[in-house]
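Each reported figure results from applying straightforward, stated rules to the coordinates on display, with no laboratory input. Bear in mind that the values here come from a model prediction, so they are computed numbers and not experimental data. Here the Cβ positions follow ideal geometry from the backbone for every residue, glycine too, while neighbour counts run over all protein chains shown.
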Amino acid sequence: MVDDPDARSGVDAAHLEGCAECGARFKNISDDARSIVSLLAVPEARVDVGRAFERVMSDRKSQPALVFPIPGASTRPFQLAFVAAIAAVALVVVAFTFSGFFFKPTTVKTVPVTVADMQALSQLAEYGTLTWTKQPQFQAATNAADASAIAGGLKPPVVTNLPAGVSKTVTYGAMSEAEATFTFSADKAKAAAASHGKTLPALPKGMDGATLTITVGPAVGEIYGNLKENSASSSSINLPQLIVARSTAPTAKSTQVTVGQLEAYILDQPGISPELKKAIKAVGDPSTTLLIPIPVEYATSKDITVQNVPGVALGDNTGVGSAVVWVKGGSVYVVAGSIKQNVAIDIANNLK
Amino acid sequence: MNLSARRMTSVRSDDEAFESLFRTEYPRVVGIANRVLADPHEAEDVAQDVFIDFHRLHSATAQYAPAWLHRAAAHASLNRLRGARRRQKREVAQALEEGERMLDPEKQVEVDEDRRQVRAALGRLAPKPAAALAMRASGLSYAEVAQALGVGIGQVGTLLRRAETALRKEVSRGTSN
């Protein structure tokens, strides 16, 4: 076991050459090591790698626990909830931040959305072409340092007051920075509207060919809970008990069209509710506010102060699910899980 | 290339990366498990579980992939070694299999007994030294052992020395009982 170059390197190697006493000691160590190797000796296992590979791939358990189908991105397995936390940020940006030449949030605010709103907004994706200029890479890691390295040095937040009942089993997750550009097309918009039986509001001048470039991440976080339990198939979802994540605040920039034109155009889409229009118009500076869509039929929210900055708390105190989101120091933070809202707020306030 | 075509390409390249990792590391992962369990069939079971777990949660292109697999192989096989029920089952299977091919029954009984005692001793060591011994004895370099165990390369020598001493002590204790 001492036949490795690293077993005696540099100064030690030179010393061993000239020192009879140390040389003898090293020989004893070598003899001991050899005897241990012989103790542990076994007939070599003969393996058929090809067959073994087929067996592993045909085992349903080997299928990724979850695949989040981000267009064009790596579809490596990743846990839904962490990805969802990150993707929520991306979706919010895509859906609501057509309102600026440059968007960089410094705070968060909730806006109520209905199912009809979401349908109307999701159709916007058909009004042009999305190109990933930098694809997001999701990876799980075994420790904070590896996760941080994947996320370009962004350090995962540290939970200092893990509530009783939440598993201490932690999986780290990280996402590299991603950038996508959406290019509006008058022809595509018209065709999409026609296919949905709708008439579009007039496109603002310059909208055809206008681009919206969105940058999301890097992001890094921790997932608490035993992710392997009850996950024998790719269709099963392991909801972790708690997720804490931190992402560099998303940014968006647009060309050819102004803030007012884009905002008016989006809010004029057929199907957008008056409540959503009112809420978005009430946001003071849309270029610095991260809007969190809250499905009014399914969730509640309230404005809170977290880590001495404004934040939003979603969910309730039933323990079914809650989340806290805030923006501080250029990062968006999320604490979410199957915990009570007051517990989520407490974790958020004590996050390091 | 449209979105679905790009997605397919991504999936394919991920699968290719996993296959490449599998082909390189599978024999080594089996080797580590076999060194602990002294049973090639059970070692393959462990190796397959390790790869299945890895594939579910990790990217094959992750830099830490080989180190993760080596550590998981060592710990999973040591866990099996410590499971009394499985150990008995393994020993029965092993005895039957080896009984079929052994040339000198008396000699084979001795070898079996030695192996059993060494594995029992290995199972009584703390996880880190036991894993270090298994990995090194199965051919991993000091650098690979260091990566798998998350220790500095300069610590591997000392870790192995202490592990060897502890194993020897445990083997002696086992044989004197």
Checklist outcome for this item: Residues A:Ile266, A:Ile294, B:Ile32, A:Ile243 in order from fewest to most other beta-carbon atoms within 10 Å are A:Ile294, A:Ile266, A:Ile243, B:Ile32
Checklist outcome for this item: Exposure-ranked with fewest Cβ neighbours within 10 Å first, A:Glu177, A:Glu21 stand as A:Glu21, A:Glu177
Checklist entry - How large is ³J(HN,Hα) for each residue in region B:155-172, as worked out from phi by the Karplus curve 6.51 cos²θ - 1.76 cosθ + 1.60 (θ = phi - 60°), to whole Hz, x for Gly and Pro? => result 8, 5, x, 4, 4, 5, 4, 5, 5, 4, 4, 5, 5, 4, 4, 5, 5, 4
Next on the checklist: Quick check: pseudo-label points 7 Å beyond the Cα along Cα→Cβ at A:Thr300 and A:Lys277, how many nm apart are they?
Outcome noted: 2.9 nm
Item to check | Packing-based order for A:162-168, A:199-205, using average beta carbon neighbours within 10 Å, highest first | outcome: A:199-205, A:162-168
Checklist entry - If you rank A:Met57, A:Met207, A:Met175 by fewest surrounding Cβ atoms within 10 Å, what's the result? => result A:Met57, A:Met207, A:Met175
Checklist entry - From the cross-link list A:Lys168/A:Lys302; A:Lys134/A:Lys168; A:Lys277/A:Lys340; A:Lys278/A:Lys302; A:Lys253/A:Lys352, which pairs have alpha carbons spaced over 27 Å apart? => result A:Lys168/A:Lys302; A:Lys134/A:Lys168; A:Lys277/A:Lys340; A:Lys253/A:Lys352
Checklist entry - Taking a ≥ b ≥ c as the square roots of the eigenvalues of the Cα gyration tensor of region A:144-202, is the shape rounded (a/c under 1.5), prolate (a/b larger than b/c) or oblate? => result prolate
Checklist entry - If you count, for every residue in A:129-138, the Cβ atoms of partner chains within 10 Å of its Cβ, what is the mean? => result 1
